[in-house]
Each structure stands twice: as structure tokens, then as C-alpha cells.
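First up is the structure itself, then whatever we jot down about it.
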Amino acid sequence: MNTGEKLNHFMEIVVKDADQRSRKALEDYERGLDAIFESFRQESLRKQEAEIKAGREKLQKEVNTELAECQIKIRKRLGEKQEEMKMLLFARVEQRLAEFKKTPDYYDYLAGHIKRALRFARKEAIEIYLDPEDVALHKQLEQDTGAAIRISDYGFGGGVRAVIRSKRVLIDQSFDTKLYEAKKDYLFFLS
């Protein structure tokens, strides 16, 4: 082998070796880039998932806030409607009481409560009061029950009130008190 052939052979080996080294370097570089790309891709996915999760949480909070506001508005409207219905109901009750007070049953109601108060007092001194609107029934009730009945200085919507001072007892069968208690304790039940 002459020098030219040796030189060609040497050049082929050097070129082949350089080619192999450059391929290996290129493959190593590509693997490095692939690893960097995969790491970047994983980090990007993680950030996107975190952003999506944060967005969902923010939307859920907004939905919950809106829902709570709607519930408050609905409860307020429901409360207003219930109060309106309660007022209408008790206006009707008051109307029915006014009608009841014009019937003979009202007289019997008053006489019955006066007799019960007398039985409760036994021998104790008792003061029995009628509403000023019931003054027309005063004398007849005194005769029928045997009680000394006073006309109250202020109205209480009808019914009877009695006081047993020695026992510190107030017997309140007035319609105003009964209406007040009924209004105070009245609840609407929704099914």
C-alpha cells in the first residue's frame, strides 16, 4: 500500500470515526433535548392542571356565592309572603271574632269563663273585668253568674279578665291576648 492509499484509508477511517462520533453526539444531544422537552411538557401539564383546578375552584366559589345570595333572596321573599299571609289570616280571624261577638254563643263563652274563674278563686276575693265594648252584657252576666263584674278602663278585644290579688293571679281570657299569643307562636309549615 502506497502512501496515497494509506492516506485514503486513513481518511476513510477518520471520516468514518468522525461520522460515528458526530452521530453519537447528535443522538446524545437529541436524547438530552427529548428529556428537556419531556420535562418541559410534564411541567406545562402540571401547570395547566393547577390552573384548571384553580379555575374550577374559583367557579365553584362563584356558583356557591350566587346560590347563597339566591337562597337569601328566596328566604326573604318567602318570609315576606308568609308575613303577608299571616296578616291576612289574622285579619280574617279578627273578622270572625267580631262576628262571633254578635252571637249568643259569645254570651255563653263569657259566662262560662266567669264561672270557671269563680270556681278557681274558691272563697278568695276576685275582680272580674269585661271589655268596654261588652257593657250591654254586663248586668245580665252579673245576674246569671252571681259575680260582681267591672267594666275595664281599657279595651282588650273581648273576653274576660280576672284578678285574684291574694294569690297574685291574673286570669286572662281576653281576645287581644289570645290573638297576640297565636300570632307570636304561629308558624307556617311547608310540605
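Going by the conditions given, is Glu69 at pLDDT 90 or above and under 30 Å from Gln140 (Cα atoms)? Considered against the rule, which asks whether it is at pLDDT 90 or above and under 30 Å from Gln140 (Cα atoms), Glu69 comes out as no. Restricted to strands (runs of 3 or more DSSP E) entirely inside segment 98-191, those with at least 1 residues that are farther than 30 Å from Leu88 by Cβ and free of Cβ contacts under 8 Å to residues at least 12 places away in the same chain are 169-174.
Take the conditions (1) part of a helix (DSSP H, G or I); (2) surrounded by fewer than 10 Cβ atoms within 10 Å (Cβ to Cβ); Met1 misses just one of them, which is (1).
Listed here are the residues, each with its yes/no results for (1) of a type in the set (A, V, I, L, M); (2) within 24 Å of Arg165 (Cα to Cα).
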| residue | (1), (2) |
| --- | --- |
| Ala50 | yes, no |
| Ala54 | yes, no |
| Val63 | yes, no |
| Gln71 | no, no |
| Arg75 | no, no |
| Leu88 | yes, no |
| Leu97 | yes, no |
| Arg122 | no, yes |
| Ile128 | yes, yes |
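Matching residues to (1) surrounded by fewer than 15 Cβ atoms within 10 Å (Cβ to Cβ); (2) small (Gly, Ala, Ser):
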| position | (1), (2) |
| --- | --- |
| Ile126 | no, no |
| Gln140 | yes, no |
| Gln143 | yes, no |
| Gly146 | yes, yes |
| Asp153 | yes, no |
| Val160 | no, no |
| Lys167 | yes, no |
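Of the listed requirements (1) within 19 Å of Arg150 (Cα to Cα); (2) at pLDDT below 90; (3) in contact with a Phe, Trp or Tyr (Cβ under 8 Å, 6 or more places away or on another chain), Lys123 misses just one: (3).
To keep it simple, each residue is scored yes or no on (1) more than 60 Å from the chain's Cα centre (by Cα); (2) loosely packed, with under 10 Cβ neighbours inside 10 Å; (3) over 30 Å from Lys183 (Cα atoms); (4) not aromatic (Phe, Trp, Tyr).
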residue	(1), (2), (3), (4)
Glu5	yes, yes, yes, yes
Glu27	yes, no, yes, yes
Gly32	yes, no, yes, yes
Glu84	no, no, no, yes
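Applying the set (1) surrounded by 10 or more Cβ atoms within 10 Å (Cβ to Cβ); (2) at pLDDT below 90 to Leu45 leaves exactly one unmet item: (2). When Lys139 is tested against the conditions (1) charged (D, E, K, R); (2) assigned by TED's automatic domain parsing to the domain that holds Gln173; (3) under 44 Å from the mean Cα position of the chain (by Cα), the lone failure is (3). Condition check: in the same structural domain as Gln140 (by TED's automatic domain parsing) and either over 30 Å from Lys178 (Cα atoms) or at pLDDT 85 or above (or both). Does Asp108 satisfy that? Answer is yes for this residue. For segment 37-46, check the following and say yes or no: at least one residue is within 39 Å of the chain's Cα centre (by Cα) and either of a type outside the set (Val, Ile, Thr) or assigned to a helix (DSSP H, G or I) (or both). No, the conditions are met nowhere in segment 37-46.
The values are calculated or read from the model by the stated rules, or taken from the named source; none is laboratory data. If you're wondering where the values come from, they're calculated on a predicted model, not measured in any experiment. In this analysis, Cβ positions are derived from the backbone assuming ideal geometry, glycine residues included, and neighbour counts consider all displayed protein chains.
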